[in-house]
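Worksheet: the structure to be examined is printed underneath.
What follows draws every value from the coordinates through simple rules; no lab data is involved. Here the structure is a predicted model, which is why all the values come from computation and not from measurement. When we count neighbours, we look across all protein chains shown, and the Cβ atoms used for this are built from the backbone with ideal geometry, even at glycine.
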Amino acid sequence: MMGYSAAMTTKDIPPAPDLTEGWRNGREGYPSRGPKLGPAWAWCWAELHRTEEWHDGRLLAGEAATLFELKEATVSQLLTRMATAGKIEREHRAVATGRGPRQRTFYRIKTDA
């Protein structure tokens, strides 16, 4: 399981962005409004902020899914949507698996280039 640095506080992390600006009657948007998906996304966002390194999307989604009682595919799809919307960066890398090389997606917080 990934841990937090003792020096890190939640004050250092901006709020996790939504895909929608608002949802019916000015309520919070998607995904923050979801009872499980919202906290899972906020946790992923905090993990991505923890370092400036790339995170293996499969591991990140798997851990969030376990912590928040979601399917791994649900969190993976959210990470994909956030990357497509430009909220986070992604890159695809070949990784060695027991079945040979496979493509995996890695994510990180967008950096100013």
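Note that the range 59-74 has calculated 3J(HN,Hα) couplings of 5, 4, 5, x, 5, 4, 4, 5, 5, 10, 6, 10, 7, 4, 4, 4 Hz, one per residue in order, obtained from phi through the Karplus relation 6.51 cos²θ - 1.76 cosθ + 1.60 (θ = phi - 60°); glycine and proline are x.
Looking at the range 34-113, the pairs of alpha carbons with a distance over 15 Å make up 54% of the total.
The GluC sites (Glu not before Pro) of the range 32-73 that meet both conditions, a loop assignment by DSSP and at most 15 other Cβ atoms within 10 Å of the site Cβ, are E52, E53, E69.
Here the calculated FRET efficiency for R99 and L67, from their Cβ-Cβ distance with R0 = 35 Å, stands at 0.80, rounded to the nearest 0.05.
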